1. When only residues in region 223-241 that are at pLDDT below 85 and out of contact with any Gly (no Cβ under 9 Å at 6 or more places or on another chain) count, which is nearest to residue 19 (Cα to Cα)?
2. Do you know which residues across region 33-54 are charged (D, E, K, R) and over 28 Å from residue 151 (Cβ atoms)?
3. Just for region 172-187: of the residues that are modelled with pLDDT under 90, out of contact with any helix residue (DSSP H, G or I) (no Cβ under 9 Å at 6 or more places or on another chain) and buried (at least 16 other Cβ atoms within 10 Å of the Cβ), which one is farthest from residue 14 (Cα to Cα)?
4. Please go through region 198-212 and give me each residue that is assigned to a loop (DSSP other than H, G, I, E, B) and modelled with pLDDT of 80 or more, ordered by number.
5. Is it the case, given these coordinates, that residue 215 is over 24 Å from residue 161 (Cβ atoms), in contact (Cβ under 8 Å) with a residue 24 or more places away in the chain, assigned to a loop (DSSP other than H, G, I, E, B) and not small (Gly, Ala, Ser)?
6. Pick from 135, 159: which is of a type outside the set (Ser, Thr, Tyr), at pLDDT 75 or above and in a helix (DSSP H, G or I)?
Amino acid sequence: MKPPRIKKIGFFHFPTNHGDPVGSLREALKTRLKKEDIAQSLVVLPEGFNICKRYLDVGPSCDTSPEIVSDLQAIAYQFGIAFVAGLILPSNGQLYNSAHLIDPNGSLLLSYKTKDDTSANYVPWAGEGSPDLNNPVAYGNLLVAALICMDVQNDDRWNALGMRFQENTVGTSLLCIPACSGEYFSKVAIGSRDVAVASQIPARVVVANAFPRGVSYITDSSGTILKTSNYKVNEIVPTEI
């Protein structure tokens, strides 16, 4: 089935001090649906969405079951939307910080994984093939890329994506950043980068933040914030492409 044309992009602001991620997401979607049509939207979920914690705070009590992917596939199908979800999932006996593009048909179109190096830097995971083979990926009228939290400070990752954005013939270039930080990432992701070619900068950046006092937001290619969240509440915030 041909991917639908994405009409809106947005984020689910979900602070780490809240529980029941799947139930909270479903309720937030129902609430937003009462205000506007959200079909054919792409929504970014924060880092560690499935455990309601930062990657560095993962413990034995955290539910890292891969079943979360099936749960999100069901919700995507129910509401007719796509997700880029920040998840902590096991692979080969280790837990990995990961981002996944899940479409309304339940298909997993992008899976980007990193492993933790230090509290300030993630290094790309080289297991099971290159994490960049399908990152970014064409989806409908978008070229969708994902970087997880501090990945935006990794020049190799940024430059690799920048070259793909420059070659984009699909439509709007979109960088999705599942995060768990109290800081704004617009300056990190755009303003502080030494990018010589303007076409290497994504047209839209969506940061979904899980930090209790962090802010989720959407920016344009200049770093101007188009939409932002109330850090105290769970909410879906979309904007038109």
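The values are calculated or read from the model by the stated rules, or taken from the named source; none is laboratory data. Nothing here was measured: the structure is a model prediction, and the numbers come from that model. Don't worry about glycine lacking a Cβ; one is built from the backbone with ideal geometry, like all the others, and counts go over all protein chains shown.
1. My answer is 234.
2. Step one: of region 33-54, the residues charged (D, E, K, R) are 34-37, 47, 53-54.
If the condition is that a residue be charged (D, E, K, R) and over 28 Å from residue 151 (Cβ atoms), then 34, 35, 36, 37 are the ones that fit.
3. Taking the candidates together, the pick is 186.
4. Selection gives 202, 203.
5. no
6. Numbers: 135 fails: in a helix (DSSP H, G or I).
Going through 135, 159 in turn, just one is of a type outside the set (Ser, Thr, Tyr), at pLDDT 75 or above and in a helix (DSSP H, G or I): 159.
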